[in-house]
Amino acid sequence: MRQNINNFAKIEKADIIIDGITVIAGENNTGKSTIGKILFSIFNSLCNIEDKILKERLKEVEVSNRMILQNYVNVSELSRSIIAKNILNVSTKIRQQLKKYIDNNDSSLMEEDIHSILETEVEEIVSFVRMMNVEDSEKMMDELVQNICEILSMPEDKIVSEILTRYFNNVFYTQVKPLNSNVDNETIIDLEIKGKRNSFIWDTKGCKEIVDEINIMHKAIYIDNPFIVDELSEYNFLNPMNEFLKNLLTDTPKENLMDGVIESVRSKEKLSDIYETLQNVVDGEIIINQSNDEFYLKSTGFSEPISFHNLSTGMKSFVILKMLLEKGCLKDKDVVILDEPEIHLHPQWQIAYAELIVLLQKHFDLSVVVTTHSPYFVDAINLFSCKYNTDSKVNYYMSSDVNNIVKMECVTDNIESIYKKMASPIQILNTLRYDLNNH
């Protein structure tokens, strides 16, 4: 997979290979997080996009049909509550029949098909017409058919453009276009997978043009905030990345105790080395208190379970990975974006976290994007990928900001440049120490 970005916010140009683990290192405010957020936005807005669009079409059919039906009702004849109930019943039945027809037929719906579908509900509609004293039932039927035809025939590319525009504006707070006023070129994002390409072009109003050759079938998980585990039992306003992660972590367990048992055991056997590494840090079982819906870590070293709120920030980072694994949220070929995961970890746990990333990528064939400014973390990923024979699937990039324009340089063949860049503060301190000692 390859992501090419031109003139997006502060990024002038970035050509990023995402094959295995992609490490993006650099100073603060050099566009590192933007790469992952773009990837998250593309995958999660377009994942199973056809199903999402059909669901929205049918929802709009139901809502707008309800309004049409209401326009033909003599409100004075019956109470509003009875009217509302009958309108809801008819419009819901029409939506259900449309979905049933679409699910059973590959061809697109024609006007005669819609007439036929409505006629299958003739008893429901006739009953409605009779009860509501509708005067012009034929005109009402024609209007319903026309409304459904308009909604189902709306161009899919325009709907996709609107979805992308809303999703990106939500993630980037509408700041998609270049932040530098001197840049006049278009904002273009290309995503290439196995020779096929999705391309998105933005103007000031949003996504204006799409080349859509790839069906996105996998989700992207964005992890940038270990404090998300404090919000699992509460409602708070969260950004789209954290809201998506929270929904994964709090997904309701299956009703049937047998559901997924084989997959779970197989996964634990397959991932024994991951669980062993993870257990060295998070030694215990994650439980939920049914009385208050709070999450706890039941550790073998303590008689009482520990509330997630009372865990160290570093521990919370590992708890997120543990929950994703135990809930089966990680699937083969998924995308995982880790934004500066080392921030709350001391060097020893940075090394453990890096090993987990390498093992997860290997076992699930994930596409992992990691942003960092820790030399320990970069070195650990490099060494563990060599240990587990995945070093050929690790790429390194250096981000830099020159005159408020961000550029990304591939340094896979020269990762020493990352260490040199990250070690510069130490050199500053050494110089200061020398000056103080020789003052």
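Could you list all residues from segment 285-295 that are touching a strand residue (DSSP E or B) at 6+ places or on another chain (Cβ under 8 Å) and either open to solvent by 70 Å² or more (accessible area, probe 1.4 Å) or among the hydrophobic types (A, V, I, L, M, F, W, C) (or both)?
Within segment 285-295, Glu285, Ile286, Ile287, Ile288, Phe295 meet the criteria.
Counting only residues that are farther than 16 Å from Lys327 by Cβ and in a loop (DSSP other than H, G, I, E, B), how many does segment 281-292 have?
Counting residues in segment 281-292 that are farther than 16 Å from Lys327 by Cβ and in a loop (DSSP other than H, G, I, E, B) gives 5.
For segment 331-439, which fully contained helices (runs of 4 or more DSSP H) count at least 1 residues that are within 25 Å of Pro240 (Cα to Cα)?
It comes to 347-364.
Confirm whether Val282 is surrounded by 13 or more Cβ atoms within 10 Å (Cβ to Cβ) and either at pLDDT 65 or above or not β-branched (Val, Ile, Thr) (or both).
In short, yes.
For segment 216-252, give me each residue that is loosely packed, with under 15 Cβ neighbours inside 10 Å, in a loop (DSSP other than H, G, I, E, B) and without any contact (Cβ under 8 Å) to a residue 12 or more places away in the chain.
Glu234, Tyr235, Asn236, Phe237, Thr252
Identify, please: which residue in segment 391-406 is out of contact with any Ser or Thr (no Cβ under 6 Å at 6 or more places or on another chain) and farther than 19 Å from Phe377 by Cβ and is, among those, surrounded by the fewest Cβ atoms within 10 Å (Cβ to Cβ)?
Asn403
Out of segment 166-205, which residues are under 18 Å from Pro240 (Cβ atoms), surrounded by 17 or more Cβ atoms within 10 Å (Cβ to Cβ) and either of a type in the set (Val, Ile, Thr) or touching a Gly at 6+ places or on another chain (Cβ under 9 Å) (or both)?
Phe168, Val171, Val176, Ile189
Taking Ala423 as the residue in question, decide whether it is crowded, with 20+ Cβ neighbours inside 10 Å and not polar (S, T, N, Q).
No, not satisfied.
Could you list, in sequence order, all residues of segment 370-390 that are hydrophobic (A, V, I, L, M, F, W, C) and either over 19 Å from Leu359 (Cβ atoms) or buried (at least 20 other Cβ atoms within 10 Å of the Cβ) (or both)? Please lay out each step first, then the result.
Restricting attention to segment 370-390, the residues satisfying the condition of being hydrophobic (A, V, I, L, M, F, W, C) are 370, 377-378, 380-381, 383-384, 386.
Scanning segment 370-390 gives Val370, Phe377, Val378, Ala380, Ile381, Phe384.
From (1) in contact with a Gly (Cβ under 9 Å, 6 or more places away or on another chain); (2) open to solvent by 20 Å² or more (accessible area, probe 1.4 Å), pick out the condition that doesn't hold for Gln361.
Condition (2) is where Gln361 drops out.
Mind listing just one residue for me: the one in segment 150-165 that is without any contact (Cβ under 8 Å) to a residue 60 or more places away in the chain, open to solvent by 80 Å² or more (accessible area, probe 1.4 Å) and not hydroxyl-bearing (Ser, Thr, Tyr) and, of those, nearest to Asn239 (Cα to Cα)?
Pass one, segment 150-165, residues without any contact (Cβ under 8 Å) to a residue 60 or more places away in the chain: 150, 153, 155, 157-158, 161-162, 165.
In the following step, the residues that additionally are open to solvent by 80 Å² or more (accessible area, probe 1.4 Å) were identified as 150, 153, 157-158, 162.
Within this subset, residues satisfying the condition of being not hydroxyl-bearing (Ser, Thr, Tyr) are 150, 157-158, 162.
On the way: Glu150: 34, Asp157: 26, Lys158: 25, Glu162: 19 Å.
The extreme case among them is Glu162.
The values are calculated or read from the model by the stated rules, or taken from the named source; none is laboratory data. Being a predicted model, the structure only gives us computed values, none of them experimental. FYI the Cβ positions are ideal-geometry reconstructions off the backbone, even for glycines, and counts take in every protein chain you see. In case anyone asks, the SASA skips ligands and DNA or RNA and just uses the protein heavy atoms, side chains included. Shrake-Rupley method; radii C 1.70, N 1.55, O 1.52, S 1.80 Å.
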